[in-house]
Every structure is written in C-alpha cells, then in structure tokens.
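Novice: Here it is: the structure, laid out below.
The values are calculated or read from the model by the stated rules, or taken from the named source; none is laboratory data. This is a predicted model, so every value here is computed, not measured. All Cβ positions, glycine included, derive from the backbone under ideal geometry; neighbour counts span all protein chains shown.
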Amino acid sequence: MHTSSVTDGVRPLPQGDTADASALPLFHRACARLLHHGPEFAGSVVRRIRAEVPYYADPVLAPPDVRQTVGTGIHHALAAALDPARIVDVERYTRELGIKRAEQGRPLDEVLHAFRVAGSEVWTGIVGVVERDRLGDISQLVHVAGLVWKSNDRDAVLVADAYRQVAEGIGSRHGERVRLILTALLETRDDPAFALDAAAVLDLPPDGRFAVAVVQATPPYGRVPGTAPEVPGIRILRHAAGHRDVLVAHLADHPLDTLVAALDAQASGRALRIGVSPVAHGLGNVARAHDMAQLALRTCRADGETARLDSRLPDGLLVSRPDLSAELAHRVLRPLYDLEPADRDTLFGTVDVWIETGGSAVRTARRMLCHRNTVLNRLRRLEQITGLSLTRPRDLVQLTLALDAHRLLGAAAALGHDER
C-alpha cells in the first residue's frame, strides 16, 4: 500500500514494497474505511492544510479548487490501496497537479508545504480510524509507517519535478515575451494603449519615473557587463544588443544621480561608454528617453565615461546635427589650420582653459604655467585669426560651440572638404 499527499491529496504505497505481512491487512481495512468516508475525511484534510499553511488559508492567494483536488487525490490514493493496478492513476494525478500549480503560478514552497501537511493528516486519519473503529491492533501500523513516509518523499519529488519542468517552460516563454515587449517599447512612440499593455507585461507602473541608459563596449577589448547594475530601490530591465546594452530603469522616488553613480562604478576603468537620458515621466516616453540616451552616448569623449544628457545639453545639440556642427566648426576654426600644429594646439589649449576658468587670464596663466600677458597675447591672436571678439557674448558662444564641435567630431569637422 502506498499513501502520501499530492499537494492537496494522497497517494498509496506500492504493494511490492517490503512491509510486515501481518500489518498490511489492517492497513488495507483502514484505507477502505476512510474511502467510505471520503468527502468527510477530505474536509478534515483541507481544514488542516488551511490551519497550518498560511498561503492556503488566505482566500485571495489559495487555489480555489483546493477542496476538489484534495477529494480527488484522497479517492485515487485509497482506491489504489485496494487495487494496486490503479497506482498509475495516482502517478498521473500527481504530475497533473504539479503541472497545474505551476501554470497557476503558485509558489512551489507553499505547494510542498501543503503536500507534507496533507500527508501527515492522512497518516493521522489511518491511525485514528483503526483506533476509533477498533479494526485491529494499532501497534501493527508501526510496520508500515516507514514505507508510507518514504512514499510521501518520493511523491514530493514527483510533484516538484513536474512543477519545475513547467515553470522553466513558462519562464522561458515569459522571458521571450518580455524581451520582445521591451524591444518594441524602446521604439514605439505616441501609442498609449501599447504603453499600458507593456506596463502589464513588464510589471511596471505606466505613470512612473524612468530613465534609459545605453552601455557601449569599445572594440576590440571592450565587453558589455552582461548584467544590469544592482541599485537598491531601482528596478532595471536589460535589453542586450551586441556591443550595446540598453537599460530601462524604473527610478521610483530615487534621483537620477543614484542610477548614474552605479553606472559610473560599472564603467570606471573599462572600455565602456555610457549615455544616460533625462528622467522620463511615464512608460510611454521611454522611446524618447532611448533617443536621448543614444544622444548622450555620442557626447562621450573617452572610455570609462558616463554622460548625462541633462548635464551636457549643448553637446547633445551639436551631435544631433553633425552636419550643422561641422559647418560651424569649419567657419570658425578653419583659419587656425593654416598655422603650424604646435602653434594651433597652444591656442586651442589656452582658450579651452580660459573658458573653463570663467574667463580669468590669471587662473589660466597659473594652470598653464605661463605669464598672464602671455595668455592675453594668445587670446588676442585667436581673435585676429578668427575675426571673433571674446568680449562679445554671441561671438563667445559661437567660439565655444565650435570648439565643442571640434572635440566631438574631430579635426575633419573644421577642415571641411580640405584634404589635409
């Protein structure tokens, strides 16, 4: 005889297992008596499961068919006790129930907990009916107890295996669906209905705060990390695309700085460049944030750099229209390329430092280890060559943007179509 719980039911011990021959007839009589009281006994098993397994006691979380599955499982188990050929029914039912609970998304730990409680209650029922109905010497049951619990353990493995096989398949299908939805979300604009569907599949709030980061590896040695950084309180979904990863971060109430700090740590010292979008309000704006992150990435000037677009919007403007940026660099800086390279680099370096120090010739001189008058002479020479005046705000803006375009796009921008 083979008896054990099947999550919400029981299963018999095969007749072929070794047990004291004198104990089996008593065991069989007890199982027959319980089979006669099937619905009543099943009710007691259900009550025990609900009393000891909080998940099954919760009317919202518990499977709605617990009473039915308990009754069916007990019937199969006790019937197989009287007819060993029906053990195949118990095998089938055990697997079907494991599959069903997996498809319902019930936690495996809770399923197995209920399984063990049901097994214990069935054994208690067998002992109780022998004693209450005076079916025989209750001490004889000790000879089958070991085989009953061994059978229970085997069936727990059977349920868990069936559950895991299904769960792996569901997880794989769900993962593929998430990947496809995430890919579409990064490209889809002005479609509120799709954003709501995507929010449901991705388990994200449709009106939340999001940011997108694009992580790019620099060949030949750069490799994308392969995983998203773990940031407490921020959920990050990763979309892999060759030498690039796209990360969609649900910021919740956290500032963008928190995400950027984690990305900085990931990029530091590696052949990686990362572009980060400004905060996007609502899942429907993630596609636009993706565009912004790609734009930010294009403003990176060296490996190991994380570029926030909201911190370098002028650079973003320049790389968004490289044709106009190149034209600006050509018109402003082209005359400087008639100078010797060393002379030209000195003028570039001087005006760069002068702009960074807030237009202070004194601080520029200290930084470049030269005299203040040397700095002023270089700046005047730059004005003469370019025809711009550093005292006129519009000219200064034009020069600054031209220099930024030169750094972002390279010397070819300033040279235009010249073959140099």
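Novice: Which residue, of 408, 379, 347, is touching a residue at least 60 places away in the same chain (Cβ under 8 Å), of a type in the set (A, V, I, L, M) and part of a helix (DSSP H, G or I)?
Specialist: On inspection, the qualifying residue turns out to be 408.
Novice: Further question: Which one of these is free of Cβ contacts under 8 Å to residues at least 12 places away in the same chain and closer than 30 Å to residue 224 by Cα: 389, 320, 360, 311?
Specialist: Details: 389 fails: closer than 30 Å to residue 224 by Cα; 320 fails: free of Cβ contacts under 8 Å to residues at least 12 places away in the same chain; 360 fails: closer than 30 Å to residue 224 by Cα.
Sole residue among the options that is free of Cβ contacts under 8 Å to residues at least 12 places away in the same chain and closer than 30 Å to residue 224 by Cα: 311.
Novice: For the subset of region 101-111 comprising residues that are touching a residue at least 24 places away in the same chain (Cβ under 8 Å) and not in a loop (DSSP other than H, G, I, E, B), which member is farthest from residue 50 (Cα to Cα)?
Specialist: Top of the filtered list is 103.
Novice: With 365, 302, 329 as the choices, which residue is at pLDDT below 90 and in contact with a His (Cβ under 7 Å, 6 or more places away or on another chain)?
Specialist: Just one listed residue meets the conditions, 329.
Novice: Which pairs have Cβ atoms under 7 Å, sit 6 or more apart or on different chains, and link a residue in region 287-299 that is closer than 14 Å to residue 186 by Cβ to one that is surrounded by fewer than 23 Cβ atoms within 10 Å (Cβ to Cβ) and among the charged types (D, E, K, R)?
Specialist: 287/187; 287/189; 288/189
Novice: Does residue 131 count as surrounded by 14 or more Cβ atoms within 10 Å (Cβ to Cβ), assigned by TED's automatic domain parsing to the domain that holds residue 87 and either in contact (Cβ under 8 Å) with a residue 12 or more places away in the chain or within 18 Å of residue 31 (Cα to Cα) (or both)?
Specialist: So residue 131 fails the test.
Novice: Looking at 273, 312, 298, 288, which is the one that is under 16 Å from residue 259 (Cα atoms), among the basic types (Lys, Arg) and assigned by TED's automatic domain parsing to the domain that holds residue 219?
Specialist: 273
Novice: Which of the residues that make up region 46-73 are under 20 Å from residue 163 (Cα atoms) and either of a type in the set (Val, Ile, Thr) or surrounded by 21 or more Cβ atoms within 10 Å (Cβ to Cβ) (or both)?
Specialist: 49, 53, 56, 66, 69, 70, 72, 73
Novice: So residue 389 clears everything in (1) over 24 Å from residue 323 (Cα atoms); (2) of a type in the set (Ser, Thr, Tyr); (3) in a helix (DSSP H, G or I) except one condition, right? Which one?
Specialist: Single failed check for residue 389: (3).
Novice: Are there any strands (runs of 3 or more DSSP E) wholly within region 190-260 with 2 or more residues that are touching a strand residue (DSSP E or B) at 6+ places or on another chain (Cβ under 7 Å) and closer than 16 Å to residue 284 by Cα, and if so which?
Specialist: Numbers: elements: 209-217, 235-241, 244-250.
Of the strands (runs of 3 or more DSSP E) lying wholly inside region 190-260, those with at least 2 residues that are touching a strand residue (DSSP E or B) at 6+ places or on another chain (Cβ under 7 Å) and closer than 16 Å to residue 284 by Cα span 209-217, 244-250.
Matching residues to (1) modelled with pLDDT of 85 or more; (2) surrounded by fewer than 19 Cβ atoms within 10 Å (Cβ to Cβ):
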residue: 12; (1), (2): no, no
residue: 19; (1), (2): no, yes
residue: 44; (1), (2): yes, yes
residue: 83; (1), (2): no, yes
residue: 106; (1), (2): no, no
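Novice: Could you please give the count of residues in region 274-321 that are over 23 Å from residue 182 (Cβ atoms), out of contact with any strand residue (DSSP E or B) (no Cβ under 6 Å at 6 or more places or on another chain) and among the polar types (S, T, N, Q)?
Specialist: Qualifying residue count, region 274-321: 2.
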